[in-house]
Amino acid sequence: MNLRDEGFGLAKHPEVAYDLLPDDQSGVYAWTVTTDALDSLVPENLPRIPSGSVVYIGKANKLRKRAPHHRWTSSSSSLRRNLAGIMGLQGLWLPRASKPRLVQEHEMALSLWMRSNLALSWRAVDEGYVQFEKLLLSKLTPPLNVDPPETELQWWVYGQLQKLKDEALPPHQ
């Protein structure tokens, strides 16, 4: 399955894509790896993630507001937390938080890594974007979509995410 065949535009550098995302339109977005940097982090016994692979798919009722994960913190982005787990970055629990974020220097490093190694594409969908996302997830099984994990690679990513949570620093008192 090719995203272009599904009506997605060409994947673009995250900052370029952000400027082009529609303000008030719903749809589905896809993050694609543009280098072999992610593949180099995966153990040899697992399926490969070569350049050009779709690694994460999401849905949004407002694409411009939801799709640009490269501008967020890890506490508000599953994609960022999953990448952080794979990369072995340091998590930090904040008071009353249900999800860890990264220590500041790791948040900045992850944002830079995303800008250097990922591209963003999307398709505006007025109605049925939730079902369209489900269809794409079932056909592509992107390795960083781990809710729920189904493939061996997704289970490994899920395990790395759990490790990030387990090893996150406690909140500052």
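The values are calculated or read from the model by the stated rules, or taken from the named source; none is laboratory data. Please read all numbers here as calculations on a predicted model, not as lab measurements. Cβ: placed from backbone, ideal geometry, glycine included. Neighbour counts: every protein chain shown.
Going residue by residue through segment 137-155, is there one that turns out to be within 27 Å of Asp19 (Cβ to Cβ) and touching a Lys or Arg at 6+ places or on another chain (Cβ under 6 Å)?
Taking every residue of segment 137-155 in turn, none turns out to be within 27 Å of Asp19 (Cβ to Cβ) and touching a Lys or Arg at 6+ places or on another chain (Cβ under 6 Å).
Filter segment 114-136 down to the residues that are within 17 Å of Ser78 (Cβ to Cβ), surrounded by fewer than 19 Cβ atoms within 10 Å (Cβ to Cβ) and touching a residue at least 24 places away in the same chain (Cβ under 8 Å) and list them by number.
Val130
Check every one of the helices (runs of 4 or more DSSP H) wholly within segment 81-172 and list those with 3 or more residues that are within 20 Å of Glu44 (Cα to Cα), of a type outside the set (A, V, I, L, M) and at pLDDT below 90.
Values: elements: 104-117, 129-140, 152-166.
Filter on segment 81-172 gives an empty set.
Within segment 37-51, count every residue that is within 10 Å of Asn117 (Cα to Cα) and surrounded by 15 or more Cβ atoms within 10 Å (Cβ to Cβ).
Initially, segment 37-51 is screened for residues within 10 Å of Asn117 (Cα to Cα), giving 37-38, 51.
Narrowing the set further to residues that are surrounded by 15 or more Cβ atoms within 10 Å (Cβ to Cβ) leaves 37-38.
Selection size over segment 37-51: 2.
Applying the selection to segment 74-106, what residues are of a type in the set (S, T, N, Q) and surrounded by 18 or more Cβ atoms within 10 Å (Cβ to Cβ)?
First pass over segment 74-106, keeping only residues of a type in the set (S, T, N, Q): 74-78, 82, 90, 98, 104.
Correct list: Ser74, Ser75, Ser77, Asn82.
Only one of (1) under 22 Å from His70 (Cβ atoms); (2) in contact (Cβ under 8 Å) with a residue 24 or more places away in the chain fails for Trp156. Which number is that?
(1)
Scanning segment 58-73 for residues that are assigned to a helix (DSSP H, G or I) and buried (at least 20 other Cβ atoms within 10 Å of the Cβ), which turns out modelled with the lowest pLDDT?
Once the filter is applied, the top-ranked residue is His69.
Based on what the data block shows, is Ser40 under 18 Å from Leu161 (Cα atoms), free of Cβ contacts under 8 Å to residues at least 40 places away in the same chain and within 15 Å of the chain's Cα centre (by Cα)?
Against the criterion (under 18 Å from Leu161 (Cα atoms), free of Cβ contacts under 8 Å to residues at least 40 places away in the same chain and within 15 Å of the chain's Cα centre (by Cα)), Ser40 does not qualify.
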